[in-house]
1. Under unit Cβ charges (Lys, Arg +1; Asp, Glu -1), what dipole magnitude, rounded to 20 debye, does the chain have relative to its Cα centre?
2. Quote the FRET efficiency, to the nearest 0.05, computed for TYR194 versus LYS32 with a Förster distance R0 of 41 Å and r equal to the Cβ-Cβ distance.
3. With an 8 Å cut-off on Cα pairs and a minimum separation of 6 or more residues, tell me the relative contact order of the chain in percent.
4. Enter the Cα centre distance for the pair the range 316-339 and the range 93-128, rounded to the nearest angstrom.
5. Of ARG206, ARG239, how do they rank once you tally other Cβ atoms within 10 Å and put the fewest first?
6. Using θ = phi - 60° and the Karplus form 6.51 cos²θ - 1.76 cosθ + 1.60, what ³J(HN,Hα) does each residue of the range 263-278 get, whole Hz, x for Gly and Pro?
7. Would any residue of the range 24-41 have its amide N under 17 Å from a label point 7 Å out along Cα→Cβ of LEU68? List them or say none.
8. Report the residue, chosen from SER97, SER312, SER127, that carries the largest GNM mean-square fluctuation when the chain is represented by alpha-carbon nodes joined by springs under 10 Å.
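We did not get these values from a lab; they are worked out from the coordinates using the rules stated. Note that the structure is a prediction, hence the values are computed from the model and not measured. Cβ sites come from the backbone with ideal geometry, for glycine too, and all protein chains shown count toward neighbours.
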Amino acid sequence: MNEFTIVFLAVMLAGIGTQWLLCRRHILHVRKHRAAVPAAFSDRIPLAAHQKAADYTEAKVRLGMIELVTGMILLLIWTLGGALQLLDDAWRDLQMSDLWTGTAMILSFLVITVILDLPLSWYRTFSLEQRFGFNKTTPGIFFTDVAKNMLLGFLIGAPILLLVLWIMDNAGAWWWFYVWLTWFAFSIFMIGIYPTFIAPLFNKFRPLENPELKQRVENLLSRNGFTSKGIFVMDGSTRSTHGNAYFTGLGANKRIVFFDTLINELSPEEIEAVLAHELGHFKCNHIRKRMITLGLVFFAGLALLGWLIDMSWFYAGLGISQPSTYIALLLFTIIAPVFTFFLQPVFSHISRRHEFEADDFAAAQAQAGNLIRALVKLYRENANTLTPDPLFSAFHDSHPPAPLRIAHLNARLA
């Protein structure tokens, strides 16, 4: 057996085993605290809502464990099982150029992956989310979204994939650097066009009409020298009852978006506080820092691929008998999560630190009490557990656990 095969299997099993143990810890921890609402929330969240959050959390984690196992099995089938090589052979038999063969190969792999994921996506939407009263998606919307995503993936992904594969074949030893520049430019371009061209294909957006809330938002933006292309309400209720708010776009094309479910759940003061938190991410340069971090990760990854692409053991160890640039790119993409799983706590820690900083900004701009009330309402309405397992949270949660976040804000309030 190829030595890299042994390394690949060992790291995969270590990651899967760790994730499985983390999920079991999380389930047991949530169950242990299901019988009583934590003291810090006892006057604001009913026991029934707390227990619903516990049951919802356990159901999501159990589904995640199924996805974990099926994902591992599919990865083994694609690689050591020879499915990737069979798919590549089928496209090679058509005797197209390497550029078109590679593009067709990767796009067909992505289509097959989407199709294989449909049963679990369907279950997640129409069983799990439905059971807990969150789902508003109809089968028509579900399949329309799938079709739109696949069509967009082809219209946008095919040209950029063609360009990347052409660079890999024609740019010499430094191809990976030029691919990195291409990826970075493409990412900036997509962030820029998303608000006006992509998002409206899936949701309807209308200008914010509530005069009191609009005035509060405009005053908040004015105080902080923040300009945007408008304040919009999105029809999130057509798919789910979960509420949210976000900034989107870059530069002068930035937009502020509220889910209509959020507008219905929170008071104007509380919505202002939530928006102040999101604004805090911009004022603290979190968006820029995340883009730089992601850029550095991709830079290191592509540099590594630039070395691996000429190593025969890399292909042989993953079930590929006929090396090529496009196979190298695809292999590296699908196995990267196996080797980067244990870095998750690092990125989660950075993200949670940013959330605390954004909360501090919001507390100064819109009062900590308003943000506390907004967060507690969102925890309740979205059935977020108040008692996550600390170790599971360290790996998987980009936001601080509810008790820590509320305690931090209470300290600011005091």
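1. Dipole about the Cα centre, nearest 20: 1100 debye.
2. Details: r = 42 Å, r/R0 = 1.02.
With a Förster radius of 41 Å, E is 0.50.
3. Reported as a whole number, the value is 23 percent.
4. Answer, in whole Å: 16.
5. Fewest-to-most Cβ neighbours within 10 Å comes out as ARG206, ARG239.
6. Each residue's phi maps through the Karplus curve to give 4, 6, 8, 10, 7, x, 5, 6, 5, 4, 5, 5, 5, 4, 4, 5 Hz.
7. 24-31, by backbone N distance to the label point.
8. Comparing SER97, SER312, SER127 in the GNM, the peak value goes to SER97.
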